[in-house]
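In what follows, a structure is listed as structure tokens, so that the remarks can point back to it.
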Amino acid sequence: MSGEVLVGYDGEDGSKAALRTAVGIAGAFGRGLTIVFGYAPPAMGGQVADLARAVEAVGTTATDEAVALAREIDPSVVASVELVNDRPAEAL
């Protein structure tokens, strides 16, 4: 296995389950973990700066939670965060 393990995270139950699995895989293979929060700009009307800041704040809160959970699960796994201004699937 090469590279880091990527996991999308938004704080919902499914992403928490994915995080547990990703931490286990990263720990088993001695890899880093990158926690990704993807968010897309509005489809119509351009991007509103206040909305972008609000979504980024939600992403920061969610990924801070994810890093803390990852440390609880396996403190040996080094976790980093990427906030990506794109739809979640494309962000990964």
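The values are calculated or read from the model by the stated rules, or taken from the named source; none is laboratory data. Small disclaimer: the values here were computed from a predicted structure and weren't measured. FYI the Cβ positions are ideal-geometry reconstructions off the backbone, even for glycines, and counts take in every protein chain you see. When the accessible area is computed, the model is the full protein with side chains, heavy atoms only, and any ligands, DNA or RNA have been set aside. Shrake-Rupley method; radii C 1.70, N 1.55, O 1.52, S 1.80 Å.
Here are a few things to note about the model shown:
- With a cut-off of 20 Å on the backbone N, the residues of segment 71-90 near the modelled label site 7 Å out from Glu12 along Cα-Cβ are 82-90.
- Largest mean-square fluctuation among Ala49, Ala68, Ala40, in a Gaussian network model of the chain whose springs join Cα atoms under 10 Å apart, belongs to Ala49.
- Principal-axis tilt of helix 49-73 within the chain, Cα atoms, nearest 10 degrees: 10 degrees
- Modelled FRET efficiency - R0 22 Å, Asn85 with Ala28, Cβ distances, 0.05 increments: 0.10
- Using just its DSSP H runs of length 4 or more, each adding -39500 (n - 2.57), the chain gives a mean residue ellipticity at 222 nm of -16500 deg cm²/dmol after division by all residues.
- In the set (1) 2.52; (2) 1.13; (3) 1.00, the label that goes with Cα Rg over 2.2 N^0.38 Å computed for this structure is (2).
- Accessible area (Å², 1.4 Å probe, nearest 10) - Arg87: 130 Å²
- Heavy atoms of Glu65 accessible to a 1.4 Å probe, total area in Å² rounded to 10: 70 Å²
- Between the amide H of Thr34 and those of Val5, Leu6, Val7, Ser80, distances stay under 5 Å, these residues lying 5 or more places away or on another chain, with hydrogens modeled in the peptide plane.
- Solvent-accessible surface (1.4 angstrom probe) belonging to Ile25, in square angstrom, nearest 10: 70 Å²
- Degrees, to the nearest 10: 13-29 long Cα axis against longest axis of the chain: 40 degrees
- Length-normalised contact order for the chain - Cα pairs under 8 Å, 6+ apart - percent: 40 percent
- Fully extended contour minus Cα-Cα distance, from Ala49 to Thr61, at 0.36 nm per residue: 2.5 nm
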